[in-house]
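What follows draws every value from the coordinates through simple rules; no lab data is involved. Computed from a predicted model, the values in this text were never measured in an experiment. Heads up, the Cβs are rebuilt from the backbone with ideal geometry, glycines too, and the neighbour counts pull from every protein chain shown.
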Amino acid sequence: MTRPDSTDTSRDAASFPSRLWRYHGQQGELIPLLQSAQDHFGYVPRRAIKQISATTNVPESTIYGVITFYAQFRLQPIGKYLIRVCDGTACHVSQSQMLIDTVEDELDIEVEGTTEDGLFTLLTVACIGCCSLAPVIMINDDTHGNLSAAMVRKLLKKVRRNERKKAKASAGGR
């Protein structure tokens, strides 16, 4: 799953209104429009809410109500690396809370939070579907199982180290 980079300036608001053309006042258009905005921006920014409101004549307050009601919508950008900690039954009894606590401590964020540098977002999910590997986390599309707190810390440090190497390489390549 490719995630939009929150610093990607090629995804600008000017192209979003073109996505609104296919909706012509029919009932039930709000959720598809919000999904379209989130697909485009990686979250539903305030400017998209204003544009959807202007197009549909649905008050912004109603749009916010829908966004906050459904867990699929986000009002803030997610990190480059989406960390999903499974908290399903098998993972829960195999110490998934320890994984959550470790990620929170290592990254100084809470569940549903994003690091200040925009690199990581932490979520819990009901089940990843890898119960035999419990406890399990996913970082973007990579699944990691049978984890201890030390293994999670090592994994997070490896991701940060790789990001620093990429940053140095791109800075030196200019």
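Think of it as helices only: each DSSP H run of n ≥ 4 in the chain is worth -39500 (n - 2.57), and spread over all residues that comes to -13500 deg cm²/dmol at 222 nm. Of the residues H144, I109, S170, the one whose Cα sits farthest towards the positive end of the charge dipole of the chain is S170 (charges of +1 on Lys and Arg Cβ, -1 on Asp and Glu Cβ, taken about the Cα centre). For the chain, taking a cut-off of 4.7 Å between Cβ atoms, the unpaired cysteines are C127, C130, C131.
Annotation for L119 and T68: the two label points, set 7 Å from Cα along the Cα-Cβ direction, are 3.2 nm apart. The alpha-carbon of K165 sits under 30 angstrom from the alpha-carbons of these lysines, leaving out residues fewer than 8 places away in its chain: K80, K154, K157.
Positive contributions from Lys and Arg (+1) and negative ones from Asp and Glu (-1), summed over other residues with Cβ under 15 Å from the Cβ of S94, come out at -2.
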